[in-house]
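**Q** My questions will all concern the structure given below.
The numbers here are math on the coordinates, done by the rules we state, and not lab data. Quick caveat: nothing in here was measured; it's all calculated off a predicted structure. Ideal geometry is used to build each Cβ from the backbone, glycine not excepted, and the neighbour counts take in all protein chains shown.
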Amino acid sequence: AMALALDPELVIMDEPTTALDVIVQQEILLTVRRLQEERGFGVLFITHDLPLLLRHADRAVVMRDGRVLEEATTAELRRTGGADPYTRQLLAALPRAARSEGGDR
């Protein structure tokens, strides 16, 4: 909430839902999405939770060892499984339902 007080153009959220149950995660991310649409700011969402990312993000950047390996829309990642071998491995390790969910996007 304090991050929004100055009406930023970008809000950086580093693992904002770690250790929260699924219901609270969903509530937080839906609230952030609503505020984002109302106020017009961008969100940089940093997470290791790929199913959560695929459900809530528009785009994803896959990194390994501090290097960007791939950038794509989450819809494209779900459709193609990724272009980079590491991205393909990450997505293949997910349950099929998590890979194919369209989420609320």
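**Q** Within the range 74-90, how many residues turn out to be touching a residue at least 12 places away in the same chain (Cβ under 8 Å) and either over 16 Å from residue 56 (Cα atoms) or hydroxyl-bearing (Ser, Thr, Tyr) (or both)?
**A** Qualifying residue count for the region: 8.
**Q** Can we say residue 35 is out of contact with any Cys (no Cβ under 6 Å at 6 or more places or on another chain) and in a loop (DSSP other than H, G, I, E, B)?
**A** no
**Q** Is there a residue being among the hydrophobic types (A, V, I, L, M, F, W, C), more than 16 Å from the chain's Cα centre (by Cα) and part of a helix (DSSP H, G or I) anywhere in the range 63-79?
**A** No, because not a single residue in the range 63-79 is among the hydrophobic types (A, V, I, L, M, F, W, C), more than 16 Å from the chain's Cα centre (by Cα) and part of a helix (DSSP H, G or I).
**Q** What is the residue count in the range 13-53 for residues that are surrounded by 15 or more Cβ atoms within 10 Å (Cβ to Cβ) and touching a residue at least 60 places away in the same chain (Cβ under 8 Å)?
**A** Number of matching residues: 0.
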